[in-house]
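Peer 1: Quick one: the structure is below, questions incoming.
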Amino acid sequence: MTEDISFGKWLRQRRRTLDLSQQALADQATCARITLSRIEADTLKPSKELALILLEKVGIPQNERDQWVRFARGLSGLPSQEAQPFSLNNLPASLTTFIGREKEQAEILKRIRKYRLVTLTGPGGVGKTRLSIKVGEQVLGDYANGVWLVELASLNDPALFPQTIMTLFGIAAQHNTFPTEILINFLRAKTLLLILDNCEHLLEACAQLTDTLLKNCPNLKVLATSRESLGITGEAAYSVPSLGLPDLEQLLENFREYESVRLFEERAQLAKIDFSLTLENASSVAQICHRLDGIPLAIELAAAHVNMFSEEQIAARLNESFNLLTGGSRTALPRQQTIHASIDWSWNLLSDLERIVLQRLSIFAGGWTLEAAESVCNSTGVEKVSELMTQLLAKSLVIANRQPGRELRFRLHETIRQYALKKLIASGESDAVRRQHAEYYLTLAEATSLTDLERFVWFEHMTEEHDNLRAALAWSKSVASGAELGLRMARGLAWFWNAQGYWSEGRIWLENALAHADAEEVNDLVSQARTRIALGNLITFQGDYVVAQSQFTQSLKIFQELGDRLRIAVTLERLGWLAREQGDVATSRARLEETLILSKELNEDLLTCQVTNTLAETMIMQGDIIMAKNLLEENLVFARRLGGFESIGWALNHLRHVAQIQGEYKRAMELHEESLPLFQELGKKYIGVPESLYCLGETALAQGDVAFAITHFTEALILSRELKYRSGVAWCLAGLAGAAAVNEEPERAAWLWGAAEALRQSIGSRAAPASQTMHDRLMAEVRNQLGEAAFNSKRAEGQVASVEQAIAEALTQ
């Protein structure tokens with residue numbers, strides 16, 4: 001690599017070294033693929049924010065990114081590349097220095113290289129998490145597919161454990177496939193280390209899934225942290241010891257060599273910048289470290305108070321507190337009691353308002369923003385939440401997570417969170433705080449009147465808050481008074497679940513919310529009917545058309561009885577869309593034309609735009625090409641005036657279909673290139689993305705560009721599989737069959753056509769939105785090449801293959 005290389009060329013080489021497609025890196029960086037393409041072609045320089053994200057995703061260490069940003073922005077040449085080897089990982093950058101533990105690291109590294117499951121055990125606060133991350137950093141070069149941290153502290157439902165790992169890797173749930181099976185298929189061929197952090201409250205679920213994955217994925221290794229071992233065959237448990245303690249009799253000799261002393265000194269300097277170890281305070285610091293049994297979290301909590309007390313006072317107060325627990329005996333406490341006592345000591349030093357806020361913060365799952373804290377923790381007598389939280393931050397009870405280009409988030413160490421949560425429950429205000437927490441997240445879930453760009457930001461925010469949203473939904477279904485709130489929240493989140501591919505999880509929450517509302521006799525029929533529409537949307541994408549039809553029909557009946565014309569129109573549009581997905585174009589057109597009349601009468605512009613696009617595609621399927629084209633061109637002008645990315649994207653996409661049918665392939669490509677970035681802006685897993693990628697492949701195939709077609713069919717197939725978009729999978733299989741036919745691979749083509757047709761018929765899906773004439777021609781050519789008997793035999797083989805077998809065969813190209 002020469003020194004005058006451009007950032008775009010460097011990024012392209014780096015991406016390929018990491019075996020990432022343009023689409024995959026664009027997804028990780030949450031930017032449009034066309035944006036990444038322009039950066040790599042050196043026709044666009046990334047913003048500082050985007051450059052930082054891209055550099056993080058391709059493994060540039062955090063402390064080196066500033067000079068790389070200058071390179072990306074064209075302000076300097078290529079930085080030195082003598083940095084440590086990079087790897088795919090999500091390990092968090094540490095905000096404080098890692099102290100000591102050389103012996104422990106060496107022992108754990110020895111175990112993880114010998115055994116496939118190593119579990120770090122010990123009480124909360126002993127440093128298991130930090131140690132596992134430090135070990136993970138050291139073995140990045142050993143795992144071709146990365147080192148990945150799965151944080152479980154905020155997860156309370158064992159059933160969501162597999163989904164949590166799937167979300168980490170961007171794998172969507174599948175309605176008719178168990179999550180464990182999906183994970184096995186994804187991990188089987190990968191060389192990868194999973195770090196499962198804080199397993200103790202999900203011990204059985206962790207043990208079962210870990211055992212299953214290790215048995216089926218030969219190159220997978222697991223490093224777990226837990227207060228007790230998982231207890232499965234092949235597990236190598238390692239008890240994490242406390243930090244090294246100074247000899248009280250000879251404490252002045254080599255004093256800073258002791259890990260506990262070094263940790264106290266560094267953390268004390270965070271609270272008091274001029275703190276230093278001296279002959280005068282050495283004895284007291286040694287006593288503090290001994291009193292706290294060398295437990296890192298306990299030492300950090302004590303060190304945070306050097307700006308309030310002298311070291312001698314801290315030592316004396318700790319002795320007093322601990323003697324109360326042991327009746328004055330100097331016998332060492334078990335480590336779990338030690339950490340509890342040290343938190344007790346810190347708790348007793350808090351003001352009443354600080355204690356109230358800390359209790360209430362324990363209700364958050366997976367962290368929170370300042371705005372969330374002020375909303376949930378604010379009440380009569382507690383008004384300056386930000387100031388109180390700053391005080392808790394200074395005392396090491398709250399942790400701040402800073403990430404470039406993202407809103408500052410906060411969290412509690414899990415041991416402190418559990419302690420504070422018990423205090424909250426004992427206070428008697430747990431239910432009230434949980435309701436306040438749920439109502440805050442309901443407000444976020446019900447965000448309305450968002451522009452498309454605002455919706456994209458909303459998706460990102462909802463992803464960060466997913467644990468809190470789950471916690472709020474779980475609370476809503478646990479109490480009778482939460483039924484209506486849960487119904488509204490689930491319906492509000494349906495668009496998020498839909499666009500992000502959480503179809504199975506969203507379906508479960510929506511079904512639970514409807515069942516709970518029914519059990520508690522919630523009489524808001526409109527709310528229930530609207531929720532059924534949201535549920536029907538998710539189920540349609542799963543290909544469960546009969547159940548989706550039932551949900552839409554029930555909603556329509558309610559709205560007709562209420563005379564609600566707007567929602568009648570919305571439901572008719574959904575029924576028309578469903579009929580089109582099933583290939584029933586006559587019913588679809590009738591439903592959609594009825595909807596169009598209603599929406600225009602009601603002056604509902606966005607609905608008019610949406611139904612016009614759906615109706616035009618139905619007309620295309622009927623062969624009414626000219627009318628569809630005129631309708632779409634008018635609608636595109638209308639959509640541009642409204643400014644909606646989604647409506648514009650679909651109008652462009654359907655006009656592409658018209659252009660392709662009419663043989664205007666250059667025009668079709670231009671329309672594709674304009675629509676795809678719009679869909680990508682709506683979410684990296686928005687359903688329009690795989691459809692648009694598929695159609696790009698079809699257009700390329702029609703022009704004879706087989707390599708381009710295969711690339712886009714493959715990308716669309718992978719994304720459709722992740723989304724469990726079964727219609728999309730069937731279309732991509734058929735597209736790759738056509739590519740095989742052009743490439744003179746007739747047997748492969750016949751096999752893939754058989755698999756595609758079997759899948760399409762099994763779900764009752766319509767034919768692909770592409771040129772059927774071209775596929776009929778290619779199929780006839782393959783039939784002639786093989787002969788009728790051989791063609792039917794190969795197609796029959798494909799028809800009996802499982803979906804996963806068909807996808808695997810298609811991806812062997």
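Bear in mind that the values in this text are calculations on the coordinates, not laboratory data. Nothing here was measured: the structure is a model prediction, and the numbers come from that model. All Cβ positions, glycine included, derive from the backbone under ideal geometry; neighbour counts span all protein chains shown.
Peer 1: Hey, of [x] 28.4; [y] 26.8; [z] 29.5, which did the structure itself give for Kirkwood radius over Cα pairs in Å when calculated?
Peer 2: Computing Kirkwood radius over Cα pairs in Å and matching it to [x] 28.4; [y] 26.8; [z] 29.5 gives [z].
Peer 1: Just report the Cα centroid separation between region 275-291 and region 561-599, whole Å.
Peer 2: Cα centroid to Cα centroid, the span is 76 Å.
Peer 1: Hey, another quick one. In which sequence would F364, F178, F713 go, from the one with the fewest C-beta neighbours within 10 Å to the one with the most? Don't skip to the end; give the middle numbers.
Peer 2: Values: F364 24, F178 11, F713 28.
Starting with the residue having the fewest Cβ neighbours, the order is F178, F364, F713.
Peer 1: I've got another one for you. Compute the helix-to-body angle for 665-681: its Cα long axis versus the longest principal axis of the chain, expressed 0 to 90° and rounded to tens.
Peer 2: 30 degrees
Peer 1: Which order do the peptides 564-570, 213-219 come out in when sorted by mean C-beta neighbours inside 10 angstrom, highest first?
Peer 2: Per-residue Cβ counts within 10 Å, averaged per peptide and sorted highest first, yield 564-570, 213-219.
Peer 1: Let me ask something else about it. Can you list the lysines whose alpha carbon sits under 24 Å from that of K422, skipping same-chain ones fewer than 8 residues off?
Peer 2: K128, K384, K395, K477
Peer 1: Let me ask another. May I ask you to sort K666, K128 by Cβ crowding, counting other Cβ atoms within 10 Å and putting the fewest first?
Peer 2: K666, K128
Peer 1: Follow-up. Within region 341-400, report the GluC sites (Glu not before Pro) that DSSP leaves as loop and that have at most 13 other Cβ atoms within 10 Å.
Peer 2: Working: sites: E354, E371, E374, E383, E387; in loops: E383.
Passing sites in region 341-400 are E383.
Peer 1: Could you sort 31-39, 734-742, 522-530 so that the peptide with the highest average Cβ count within 10 Å comes first and the rest follow in order? Please list the in-between numbers first.
Peer 2: On the way: 31-39: 19.8, 734-742: 26.1, 522-530: 16.3.
Highest to lowest by the protection proxy: 734-742, 31-39, 522-530.
Peer 1: With just the Cα atoms of region 455-656, tell me how far they stretch along each of the three principal axes, in Å, largest first.
Peer 2: The principal-axis extents, from largest down, are 56, 38, 31 Å.
Peer 1: Also, quick follow-up: Taking amide H atoms as placed 1.01 Å from N in the peptide plane, list the residues 5 or more away in sequence, or in a different chain, whose amide H sits under 5 Å from that of V382.
Peer 2: Close amide H contacts, sequence-distant or interchain: none at all.
Peer 1: Follow-up question, since we're still on this one. Using Cβ counts within 10 Å as a stand-in for footprinting exposure, how do S47, S692 rank, fewest first?
Peer 2: Ascending number of Cβ neighbours within 10 Å: S47, S692.
Peer 1: To continue, here is another question. What lysines sit close enough to K134 to cross-link, taking a C-alpha to C-alpha distance under 17 Å and skipping anything fewer than 8 places away on the same chain?
Peer 2: K103, K110, K221
Peer 1: Check cross-link reach from K114 to the aspartates and glutamates: straight Cα distance under 20 Å, and skip same-chain residues fewer than eight apart.
Peer 2: Cross-link targets: E102, E104, E137, D142, D211, E235.
Peer 1: Any chance you could check the Cα centroid distance between region 712-737 and region 186-256 for me, in angstrom?
Peer 2: First find each Cα centre; the distance between them is then 38 Å.
Peer 1: Could the peptides 103-111, 670-678, 273-281 be put in order, highest first, of the mean number of other beta-carbon atoms found within 10 Å of their residues? Mind dumping the intermediate values first?
Peer 2: Numbers: 103-111: 15.6, 670-678: 20.6, 273-281: 11.4.
Peptide ranking by packing, descending: 670-678, 103-111, 273-281.
Peer 1: Using helices alone, what [θ] at 222 nm do you get for the chain, with -39,500 (n - 2.57) per DSSP H run of 4 or more residues, divided over all residues and rounded to the nearest 500?
Peer 2: Computed mean residue ellipticity for the chain: -20500 deg cm²/dmol.
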